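The values are calculated or read from the model by the stated rules, or taken from the named source; none is laboratory data. Note that the structure is a prediction, hence the values are computed from the model and not measured. These accessible areas exclude ligands, DNA and RNA; they are computed on the full protein's heavy atoms, side chains included. Shrake-Rupley method; radii C 1.70, N 1.55, O 1.52, S 1.80 Å.
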Amino acid sequence: MRAIACVSGVDLLMDYLEGVLPADVKQALEEHVAGCPRCAAFFASYIGTPRIMREATAVTLPADVEASLKAFLRARTSAFRSS
Ligand SMILES: [Zn+2]
């Protein structure tokens, strides 16, 4: 059994997330994280990030909204300049 140090490596975590860790290492890592709030939080933040990124990038403005927004900003800018 290989001992897992406390969040010793992002590499190990990445390997875990990619599912390329040997079964015994994977199990040791899971057992450590299960009993370590610090590592659990670390894991959660890493596992959550790709999902958050996808949700953020999924929000794209429709072309007409973008056009009207740009027109609005142009109007505001010119109004600001003339005052
Ligand atoms: Zn830990």
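At-a-glance table
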item: Residue ID - farthest from Leu12 (Cα to Cα), chosen from residues in the stretch 37-72 that are of a type in the set (Lys, Arg) and at pLDDT below 75; result: Arg54
item: Of all residues in the stretch 20-32 being in a helix (DSSP H, G or I) and open to solvent by 20 Å² or more (accessible area, probe 1.4 Å), the one that is nearest to Ala5 (Cα to Cα); result: His32
